[in-house]
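The structure under discussion appears below in the form of structure tokens.
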Amino acid sequence: MKTAYGHAAGGSVCITPEKGTAWGGMPLERNKNVDSDLLAHTAVYTDGNQIGAIISLDVTMIDRSYFLAIRELISIRSKIPVKNITIAANHVHLAPPLAPSWTYLNGTTIDHIYLEMITNRIAEMVKDSVDNLEPSIMFAGTVPTENLTYNRRYRTKTGKIKMIFSGQIDPKMAPDGPTDEELGYIYFESPTEKPIALITSFSAHNHVVGGSPVTGRPKPKYYHRDFGGRFGDVVRKNLGYSIPTVYLAGASGDTTWQNPNLSPPLDGEKAAWDIGERLGKFW
């Protein structure tokens with residue numbers, strides 16, 4: 001673990017639309033009975049010379065042009081240099097797409113009113129964080145995870161690569177590469193040990209609630225921040241502070257939480273809490 005001293009602050013804001021279309025063309029709405037809201041989190045840090053912000057969004061993906069526009073507004077309002085601002089979509093499936101991927105395949109379009117709404121909310125969140133910087137100690141390191149990352153791409157005997165789902169493994173096939181069994185973190189707290197903000201990076205695909213249709217599971221009705229979001233909920237519960245939990249989805253293209261030898265859980269929301277608890281136990 002490494003440590004550093006400076007000033008830090010963070011913030012969180014709800015970015016859930018009341019109604020709309022999620023990635024994959026699913027019509028969803030906000031759940032008013034259970035807190036599954038999509039959130040944006042930021043952590044802002046300065047060593048006295050440079051200042052930067054890292055922001056994570058509970059959206060499926062974000063187009064580079066929108067990323068640049070959001071970053072520009074953040075810079076204008078917060079005075080953080082554009083080059084020191086990072087924005088990441090954490091690939092929640094039950095969330096709006098902000099990039100033209102599945103939108104082309106299923107006929108849905110990007111909601112530009114929603115895009116304008118979250119752009120303003122994120123910019124204000126970062127500005128408020130800059131206005132509330134406080135002395136901090138930064139801790140950086142990794143913690144081990146277990147049975148939460150599996151390579152979902154296997155090499156067939158002919159040399160081709162195949163994405164594997166439950167029950168499709170052939171004993172003659174081997175995973176096409178390794179998996180990362182660690183969760184990386186940067187944690188900020190005050191000199192009096194008050195939590196300020198947490199940044200984490202985990203590689204498994206963030207889609208236990210949404211994702212591909214699961215036989216026997218009801219069709220999704222609500223937006224949901226998935227296990228990356230539930231992980232943040234667990235951290236806040238364990239620490240007893242409502243701190244922002246910036247969640248970076250890592251290099252998740254090849255890795256997933258799903259053991260391809262097992263069937264996926266029928267209750268995706270319960271599974272999200274389970275993964276969140278297993279990741280959040282370190283705080």
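The values are calculated or read from the model by the stated rules, or taken from the named source; none is laboratory data. The model shown is predicted, which means the values in this text are computed figures rather than measured ones. We place every Cβ from the backbone using ideal geometry, glycine too, and count neighbours over all the protein chains shown.
A few notes on this one:
- Each residue in segment 210-229 was checked for being at pLDDT 95 or above and either closer than 13 Å to residue 265 by Cβ or within 10 Å of the chain's Cα centre (by Cα) (or both), and 5 of them qualify.
- Considering the conditions (1) free of Cβ contacts under 8 Å to residues at least 12 places away in the same chain; (2) out of contact with any Ser or Thr (no Cβ under 8 Å at 6 or more places or on another chain); (3) under 19 Å from residue 113 (Cβ atoms), residue 27 is excluded by exactly one of them, (2).
- Out of 200, 179, sole residue that is of a type in the set (Val, Ile, Thr) and either within 16 Å of residue 147 (Cα to Cα) or in contact with a helix residue (DSSP H, G or I) (Cβ under 6 Å, 6 or more places away or on another chain) (or both): 179
- Residue count for segment 144-154, restricted to those that are exposed (fewer than 15 other Cβ atoms within 10 Å of the Cβ) and in contact with a strand residue (DSSP E or B) (Cβ under 8 Å, 6 or more places away or on another chain): 1
- Strands (runs of 3 or more DSSP E) lying entirely in segment 70-181 (those with 3 or more residues that are touching a Lys or Arg at 6+ places or on another chain (Cβ under 8 Å) and closer than 29 Å to residue 50 by Cα): 134-144
- Among the residues making up segment 38-86, those that are within 23 Å of residue 209 (Cβ to Cβ) and of a type outside the set (S, T, N, Q) are 38, 39, 40, 41, 55, 57, 58, 59, 61, 62.
- In segment 29-72, the qualifying residues are those that are among the acidic types (Asp, Glu) and over 19 Å from residue 95 (Cα atoms), and the one that is surrounded by the fewest Cβ atoms within 10 Å (Cβ to Cβ) is 47.
- Residue 157 being more than 30 Å from residue 10 (Cα to Cα), surrounded by fewer than 16 Cβ atoms within 10 Å (Cβ to Cβ) and under 22 Å from the mean Cα position of the chain (by Cα): no
- Close contacts from segment 61-84, counting a first residue that is under 19 Å from residue 99 (Cα atoms) and basic (Lys, Arg) and a second that is at pLDDT 95 or above and surrounded by 14 or more Cβ atoms within 10 Å (Cβ to Cβ), with Cβ to Cβ under 8 Å and a gap of 6+ residues or different chains, come to 71/85; 71/87.
- Looking across segment 182-207, the residues that are farther than 20 Å from residue 257 by Cα and in a loop (DSSP other than H, G, I, E, B) come down to 190, 191, 192, 193, 194.
- The listed residues are 9, 22, and the only one of them that is among the aliphatic types (A, V, I, L, M), at pLDDT 95 or above and buried (at least 20 other Cβ atoms within 10 Å of the Cβ) turns out to be 9.
- Screening segment 171-202 for residues that are at pLDDT below 90 and out of contact with any strand residue (DSSP E or B) (no Cβ under 8 Å at 6 or more places or on another chain) and picking the one that is surrounded by the most Cβ atoms within 10 Å (Cβ to Cβ) gives 172.
- Number of the exception - residue 141 against (1) out of contact with any Ser or Thr (no Cβ under 9 Å at 6 or more places or on another chain); (2) at pLDDT below 95: (2)
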